[in-house]
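Comments concern the structure below.
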Amino acid sequence: MAQTIRLPFVTLDVFTNERYAGNPLAVVRVPQSQTISQEQKQIIAREFNYSETVILHDEETEYRAGASRTIDIFMTDAELPFAGHPTIGTACLLGAAGIGNEHDESQIQGTIVTKTGPIPFRYDSITQAAYAEVPHNFHIHKRHLSLAETAQRGFAKLLSENIVCPSPFVSIVKGMTSALVQLSSNEILSAVTPGQPDLGDDLDRPWHSESSLLCLYFFVNNGMRANGTVSLSTRMVVGSLEDPATGSAALGLSAYLAIQMLQDHPRSDLTSAEEHWTSRFEIEQGLDMGRLSRIETEVWLNRTTKEVQKVVLGGSAVKVMEGHLSI
């Protein structure tokens, strides 16, 4: 008879500092002395039934600034190479329990290793927020969703009539694609419902394939705040499902808008000695689900080539439950 393994877990609400808001996440710790199979990881994710579950390969010693930890990210039916809210949730969990450096104990830095590669992060114990420099391979697909096509594809008339412009498809990394649908107002955004049509044909490979995740990311641009940060309201829909916070889609939208802002900016400002152009965004998602999430992003572009140099994802997380599971 196979031996039962007991593994500690915690659940967190991510991209919020209030319990029962944001996007739920389960983090299951697997100590060095234990090994579980791919099938067991998938079963655990299916049991939690969250949008994503993290398998954290832990070490026997407590987490210290500068250390790295490896994670696997699972949906209920598949593993993901990267996802935003699992990365931020794990960074907050490690940072909150970690030991800071001798120069500034409030700043805990480290690395989370995902299937897309190592992700450096910084946790601020004062604001209780984590910021991760995310691997990216940003791509704008050749295809756009035209205004006429939205009606043909079965979008609700109210939405089709209030889409601001043709909608681009973007991928922040290969396998994670979003259709960016800009709406005219937050009132129209509130009218979005799950059950939107499938749009996954004729997109650029290898950024998109049959196994890729494709979402509709509806957004409203609320304008620039006094501090220079762009305010956005969003909703993310995949088929019949809606997600309260989607870091990868938020990064794709931010990168696309940053490029548009740089293209539209007066040439006189481009004489700056800095080689990069930095844009910051504050994104609200999940309001109409009753799970308000606040996502921070930062995009660095090369001023000359307009290529994405760096993307940073930020947010808070709060612990909700903890215990042990048996497998």
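The values are calculated or read from the model by the stated rules, or taken from the named source; none is laboratory data. Quick caveat, the model's predicted, so the values are computed rather than measured. Note that we place each Cβ from the backbone using ideal geometry, even for glycine, and neighbour counts take in every protein chain shown.
Let me confirm something: among Ser146, Ser68, which residue is hydroxyl-bearing (Ser, Thr, Tyr), under 28 Å from Asp202 (Cα atoms) and free of Cβ contacts under 8 Å to residues at least 60 places away in the same chain?
Only one candidate qualifies: Ser146.
Please go through the range 301-327 and give me each residue that is closer than 14 Å to Tyr256 by Cα and in contact with a helix residue (DSSP H, G or I) (Cβ under 8 Å, 6 or more places away or on another chain), ordered by number.
Listed by number, the residues that qualify are Leu301, Lys306, Val308, Val311.
Hey, can you tell me all the residues within the range 146-182 that are within 30 Å of Lys115 (Cβ to Cβ) and either of a type in the set (Phe, Trp, Tyr) or touching a Leu at 6+ places or on another chain (Cβ under 8 Å) (or both)?
Scanning the range 146-182 gives Ser167, Pro168, Phe169, Val170, Ile172, Gly175, Met176, Thr177, Ser178, Ala179, Leu180, Val181.
Which of the residues spanning the range 172-199 are of a type outside the set (Lys, Arg) and within 20 Å of Phe82 (Cα to Cα)?
Ile172, Val173, Gly175, Met176, Thr177, Ser178, Ala179, Leu180
So, of the residues in the range 275-300 that are surrounded by fewer than 18 Cβ atoms within 10 Å (Cβ to Cβ) and under 17 Å from Ile259 (Cβ atoms), which turns out to be modelled with the lowest pLDDT?
Here the residue is Glu275.
Between residues in the range 116-128 that are within 14 Å of Ala317 (Cβ to Cβ) and residues that are among the small types (Gly, Ala, Ser) and assigned to a loop (DSSP other than H, G, I, E, B), which pairs lie under 6 Å by C-beta distance while being six or more apart or on different chains?
Taking only residues 6 or more apart or on different chains, the pairs are Ser125/Ser106.
Looking only at the range 132-164, which residues are surrounded by 15 or more Cβ atoms within 10 Å (Cβ to Cβ) and basic (Lys, Arg)?
Correct list: Arg143 only.
Considering Pro206, Pro197, which residue is over 24 Å from Gly286 (Cβ atoms) and of a type outside the set (Phe, Trp, Tyr)?
Pro206
Got a sec? Which of Ser293, Ser248, Ser231 is within 22 Å of Tyr50 (Cα to Cα) and out of contact with any Ser or Thr (no Cβ under 7 Å at 6 or more places or on another chain)?
Ser248
Any residue at all in the range 248-258 that's small (Gly, Ala, Ser) and modelled with pLDDT under 95?
Yes; the residues of the range 248-258 include at least one that is small (Gly, Ala, Ser) and modelled with pLDDT under 95.
Suppose we filter Ala245, Ala317 for residues that are modelled with pLDDT of 95 or more and touching a Leu at 6+ places or on another chain (Cβ under 7 Å); which single one remains?
So the residue among Ala245, Ala317 that is modelled with pLDDT of 95 or more and touching a Leu at 6+ places or on another chain (Cβ under 7 Å) is Ala317.
Look at the range 303-320 and say how many of its residues are in contact with a Phe, Trp or Tyr (Cβ under 8 Å, 6 or more places away or on another chain) and part of a strand (DSSP E or B).
Qualifying residue count for the region: 11.
Which of the residues spanning the range 206-223 are more than 16 Å from Ser167 (Cα to Cα) and modelled with pLDDT of 95 or more?
Within the range 206-223, Asn222, Gly223 meet the criteria.
Would you be able to tell me the number of residues in the range 52-97 that are buried (at least 22 other Cβ atoms within 10 Å of the Cβ) and among the hydroxyl-bearing types (Ser, Thr, Tyr)?
Residues in the range 52-97 being buried (at least 22 other Cβ atoms within 10 Å of the Cβ) and among the hydroxyl-bearing types (Ser, Thr, Tyr): 3 in total.
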